[in-house]
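Working notes, beginning with the structure itself.
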Amino acid sequence: MESLTAIILAAGKGTRMRSNRAKVTFPIAGKPMVQRVVDTASKAGCESIIVVVGYQKESVVACLENDKRLQFAEQSEQLGTGHAVMMAEHLCTDPQQDVLILSGDVPLLGSETLDLIHRTHRESGSACTVLTALLDDPGKYGRILRGADGQISGIVEFKDATGEQRSLREWNTGIYCFRSGELFGALKQISNANQQREYYLTDVVSILHSQGKKVSGVVLENLIEVAGVNSQEQLAELEDKFVDSIRRRWLNSGVVIHNPQTVYIDDDVILEPDVEICQNAVIKGHSQICRDAYIGPGCYLDNSYVSDNGVLEGHNILIDAHIPEGHILEFGEQVIEETFND
């Protein structure tokens, strides 16, 4: 199988966030949105990950963890998604490689979904594969156009769509897989003759179809994966849903959580069966809590390890700490940077 590259679009400001920060640097459950997208691309097997930066580019680069696969391309003027992808062409030197196009403000896309897109792309021999979804009313999302044969023939942006096209239920998530040579060849043919005066990446789909090349689609079922963030309110709502999904996963894996809505657990945390967690606990970073451990009310753990049968009576603070097997940490006691003395 040819190599797989990801291009992550992260150049925009996000004016509706009402902030001077670059939108993709805002955290969701402890990680910047764009870092979550990078992590997903990595899990999907991308050998190279190109982040297209623009607004506040230094802060976007700085918020990402060091990774030898990371490369950066700059879009100094925000002239549309097609233009953003053009900025990465010099880093995609193999025309036969497959390229995933991802959005830096869509942080909850699963690596399993990317695997499915790429597998469908390869098995169908497509020049492009689009991740689509269905809604009774897709709002202002771009609509998927299909020909009489059922194949995808194009994507029309909402502002450019006719009334009939706006009635379509299938919409474009903005996630794609392309064969690199086909992608950049078609990008040279797009124009900005549209309502927004921008270079739309979506125009590439109709160009490839008109050339007789196959465009496939994968329909997404779990829509939270492609929920984007355009405001602080949307960010908070998405974070609530994501953190709730983490709690539910552990509740269904043998962990006891009292009053779950008051408990916060990062997604890198490891919990073993028969762990008991009380109200208002916060467990962050790469913490691990082993079997039969008890985490009392109001505890805060960050990058800490609690051994089997460890007990935190309540309101304990652990940072970079290790609690030995069976030890009882008294109410209010703190352990910071391995300073615990048995």
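No lab work stands behind these numbers, since they all come straight from the coordinates. For clarity, every value in this text was computed on a predicted model and none was experimentally measured. When we count neighbours, we look across all protein chains shown, and the Cβ atoms used for this are built from the backbone with ideal geometry, even at glycine.
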query: Short version: ³J(HN,Hα) in whole Hz for each residue of the stretch 177-190, in order, from phi by Karplus 6.51 cos²θ - 1.76 cosθ + 1.60 (θ = phi - 60°), x for Gly and Pro, what are they?
result: 10, 10, 7, 3, x, 5, 4, 6, x, 6, 4, 5, 9, 7
- request: Step through the residues of the stretch 101-109 one at a time and calculate ³J(HN,Hα) from phi using the Karplus curve (6.51 cos²θ - 1.76 cosθ + 1.60, θ = phi - 60°), rounding each to whole Hz and writing x for Gly and Pro.
  value: 9, 10, 10, x, 10, 10, x, 9, 5
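Between beta-carbons, use under 13 Å as the cut-off and find the net charge around residue 159, counting Lys and Arg +1, Asp and Glu -1.
Working: positive: 140, 143, 166, 197; negative: 157, 160, 198.
Charge balance near residue 159 sits at +1.
Could I get the Rg over Rh figure for the chain? Both from C-alpha atoms, Rh via Kirkwood, rounded to two places. Don't skip to the answer; put the middle values down first.
Numbers: Rg = 22.9 Å, Rh = 21.8 Å.
Here the Rg-to-Rh quotient is 1.05.
Once Rh for the stretch 253-336 is found with the Kirkwood sum over Cα pairs, what is the Stokes-Einstein diffusion coefficient at 25 °C and 0.890 mPa s, in µm²/s?
Using the Kirkwood radius from Cα pairs, D works out to 206 µm²/s.
Less than 10 Å Cβ to Cβ from residue 295, Lys/Arg counted +1 and Asp/Glu -1: what total charge do the surrounding residues give? Mind showing how you got there, number by number?
Values: positive: none; negative: 276, 313.
My count for the surroundings of residue 295 gives -2.
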- prompt: Can you give the calculated 222 nm mean residue ellipticity of the chain, where each DSSP H run of n ≥ 4 adds -39,500 (n - 2.57) and the sum is split over every residue, rounded to the nearest 500 deg cm²/dmol?
  reply: -6500 deg cm²/dmol
Karplus-derived 3J(HN,Hα), 6.51/-1.76/1.60, for each residue of the stretch 314-320, Hz, glycine and proline x: x, 6, 8, 10, 10, 10, 6
field: Gaussian network model of the chain, springs between alpha carbon atoms under 10 Å - residue of 151, 234, 211 with greatest fluctuation
entry: 211
task: Above 23 angstrom, tally the Cα pairs of the stretch 37-174 and express them as a % of all pairs, no decimals.
output: 43 percent
message: Compute a Gaussian network model of the chain, connecting alpha carbons closer than 10 Å, and tell me which residue from 11, 133, 62 fluctuates the most.
response: 62
field: Degrees separating the helix 232-251 axis from the principal Cα axis of the chain, which is the longest one
entry: 60 degrees
field: Footprinting exposure proxy for 184, 158, 331 (fewest neighbouring C-beta atoms within 10 Å first)
entry: 331, 158, 184
- line: Note on the chain, DSSP bridge orientation, antiparallel percent to nearest 5 equals 25 percent
query: Quick one: putting +1 on the C-beta of Lys and Arg, -1 on the C-beta of Asp and Glu, what dipole do you get for the stretch 35-93 around its Cα centre, in Debye to the nearest 20?
result: 160 debye
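Which order results if 327, 90, 83 are arranged by neighbouring Cβ count within 10 Å, fewest first?
Numbers: 327 16, 90 11, 83 20.
Fewest-to-most ranking of 327, 90, 83: 90, 327, 83.
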message: Could you tell me what a quarter of the Cα convex hull surface of the stretch 142-182 works out to, in nm² with one decimal place?
response: 3.7 nm²
message: Can you tally the lysine pairs in the stretch 4-226 where the Cα-Cα distance is under 25 Å and the two residues are eight or more apart, or on different chains?
response: 21
task: Report, by chain and number, residues whose modeled amide H sits under 5 Å from the one on residue 175, excluding near sequence neighbours (fewer than 5 apart, same chain).
output: 131
field: Gaussian network model of the chain, springs between alpha carbon atoms under 10 Å - residue of 110, 228, 332 with greatest fluctuation
entry: 332
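Counting other beta carbons within 10 Å of each Cβ, put 136, 115 in order, fewest first. Before the final figure, lay out the partial values.
Working: 136 5, 115 13.
So the ranking, lowest neighbour count to highest, is 136, 115.
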